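Would you mind keeping the following structure in view while I ask a few things?
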Amino acid sequence: MATMKDICKRAGVSIATVSAVINKSAYVSPALEERVNKAIQELNYRPNAVARSLKKKSTKTIAAIVTDIENPYYPTMIRGMDDVAFNFGFSFILCNTTNDPIRFRNYLDLIVEKQADGLLLANISTEEELAQVEKTGLKYVLLNRKPPAYDKNYVGINNMLTTELSIKHLASLGYRDIAYFSGDLLISTARERWEGFQSGMHQQGLKVDEALVFHGDYTFRSGYESTKKLLTETKQLPEAICAASDLVAFGAVKALRESGIRIPEDIAIMGNDNNPFSENFIVPLSTVDHPKYEMGKMAMELLLEEIESKERKFPKQIVLPPSLVVRDSCGWKSE
């Protein structure tokens, strides 16, 4: 493996000149810089990353922690993070906790050990988790979820508006009797979407029927089981189902089709988050799009701004707007 001394010998310059070219720490004439870079290329020299990080007090590394990489919500968000990191010359480490608190703590320890310059955290929901992050001393940005009263750097979606848009769309098509399948209300996004459902119904002059509200989580299984429970416990099928996520809506569609119930002829289904599979699902799903790529991109930009700044900056909370996506699953209510 080539060393800086080998570069000196090949280029016929001092080690100080080679160091200045590699680290861009001092002016070097164009002619000398060209000689050094030619020698680096010919010898396939790779700088010692550990030594450089110790000298610069930066590893040029960003870590991100997500809760479930199998959830289709994340890949587009992660791509937004990675694109920005790459463009700014940062390496990117992705950690998947699978919703395991032990993994979460272990990954935090690993990120500190690797001396990452900063941390992005998708789906921090509790003060306890946040306290663990604060103890690391790392610069960080939360995205998608945040604990109550959190007032530091954050990028997310206007979750209340997602379900308000859903109800407005259903009401515009003539639906009045609407069921709601929620996520886990211990999670901030699920609480916000539930609040949006209630405010959306109120805005449209519709009554929330508690018998048609089913609290679960953001999974296919939850949507499937809530639908089975709906069919068992209610005498009359509601006109529409508003689901807290597309995965929940997928589960509802499966359960309804198993029971011979047609979508949208017998019941309308509305999703939330615009899963990558929603457009080509069994029944193309009407939903609400979350700008997930922009969320990841802006969170990474905010974190790098925090890392590179020599001055203390005021925290930023960026809330992105959702948008309605109309497909086949809601049809049009016939009178």
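The values are calculated or read from the model by the stated rules, or taken from the named source; none is laboratory data. Keep in mind the model is a prediction, meaning the values are calculated, not measured. When we count neighbours, we look across all protein chains shown, and the Cβ atoms used for this are built from the backbone with ideal geometry, even at glycine.
So in segment 248-306, with the set limited to residues that are basic (Lys, Arg) and in a helix (DSSP H, G or I), which one is farthest from Phe92 (Cα to Cα)?
First, pick out the residues of segment 248-306 that are basic (Lys, Arg): 254, 257, 262, 292, 297.
Okay, now just the ones that are also in a helix (DSSP H, G or I), so 254, 257, 292, 297.
Working: Lys254: 38, Arg257: 43, Lys292: 18, Lys297: 13 Å.
Here the residue is Arg257.
If you check Ser188, Ser182, which single one turns out to be outside the structural domain of Phe314 (by TED's automatic domain parsing), more than 24 Å from Leu302 (Cα to Cα) and in contact (Cβ under 8 Å) with a residue 60 or more places away in the chain?
Numbers: Ser188 fails: more than 24 Å from Leu302 (Cα to Cα).
Exactly one residue qualifies, and that residue is Ser182.
Moving to a separate point now. Can you name the residue in segment 290-322 that is within 24 Å of Asp82 (Cα to Cα) and free of Cβ contacts under 8 Å to residues at least 40 places away in the same chain and, of all such residues, is surrounded by the most Cβ atoms within 10 Å (Cβ to Cβ)?
Here is the first cut: in segment 290-322, the residues within 24 Å of Asp82 (Cα to Cα) are 290-310, 313, 315-322.
After this cut, where a residue has to be free of Cβ contacts under 8 Å to residues at least 40 places away in the same chain as well, the list is 305, 308-310, 313.
Values: Glu305: 13, Glu308: 11, Ser309: 10, Lys310: 4, Lys313: 10.
Per the stated criteria, the residue is Glu305.
Can you pull out the residues in segment 121-160 that are modelled with pLDDT of 95 or more and among the small types (Gly, Ala, Ser)?
Of everything in segment 121-160, just one residue is modelled with pLDDT of 95 or more and among the small types (Gly, Ala, Ser), namely Gly156.
Restricting attention to segment 270-288, which residues are farther than 22 Å from Asn144 by Cα and surrounded by 20 or more Cβ atoms within 10 Å (Cβ to Cβ)? Step through it out loud before you land on a result.
Pass one, segment 270-288, residues farther than 22 Å from Asn144 by Cα: 279-285.
Those that are farther than 22 Å from Asn144 by Cα and surrounded by 20 or more Cβ atoms within 10 Å (Cβ to Cβ): Val283, Leu285.
Give, as residue ranges, the helices (runs of 4 or more DSSP H) completely inside segment 129-247 that count at least 3 residues that are more than 19 Å from the chain's Cα centre (by Cα), crowded, with 16+ Cβ neighbours inside 10 Å and aliphatic (A, V, I, L, M). Don't jump to the end; show me each part of the working.
Numbers: elements: 159-172, 188-203, 220-233.
In segment 129-247, the matching helices (runs of 4 or more DSSP H) lie at 159-172.
Among the residues of segment 65-79, what is the count of those that are of a type outside the set (Lys, Arg) and either over 17 Å from Tyr140 (Cβ atoms) or outside the structural domain of Glu129 (by TED's automatic domain parsing) (or both)? Don't jump to the end; show me each part of the working.
First, pick out the residues of segment 65-79 that are of a type outside the set (Lys, Arg): 65-78.
So of that shortlist, the ones also either over 17 Å from Tyr140 (Cβ atoms) or outside the structural domain of Glu129 (by TED's automatic domain parsing) (or both) come out as 68-76.
Within segment 65-79, residues that are of a type outside the set (Lys, Arg) and either over 17 Å from Tyr140 (Cβ atoms) or outside the structural domain of Glu129 (by TED's automatic domain parsing) (or both) number 9.
In segment 274-289, which residues are touching a helix residue (DSSP H, G or I) at 6+ places or on another chain (Cβ under 7 Å) and farther than 15 Å from His169 by Cβ?
Asn275, Phe281, Ile282, Val283
Here's something else I'd like to know. Could you please let me know if Leu110 is part of a loop (DSSP other than H, G, I, E, B) and either without any contact (Cβ under 8 Å) to a residue 40 or more places away in the chain or more than 24 Å from Gly80 (Cβ to Cβ) (or both)? Reasoning before the result, please.
Numbers: part of a loop (DSSP other than H, G, I, E, B): no; either without any contact (Cβ under 8 Å) to a residue 40 or more places away in the chain or more than 24 Å from Gly80 (Cβ to Cβ) (or both): yes.
Against the criterion (part of a loop (DSSP other than H, G, I, E, B) and either without any contact (Cβ under 8 Å) to a residue 40 or more places away in the chain or more than 24 Å from Gly80 (Cβ to Cβ) (or both)), Leu110 does not qualify.
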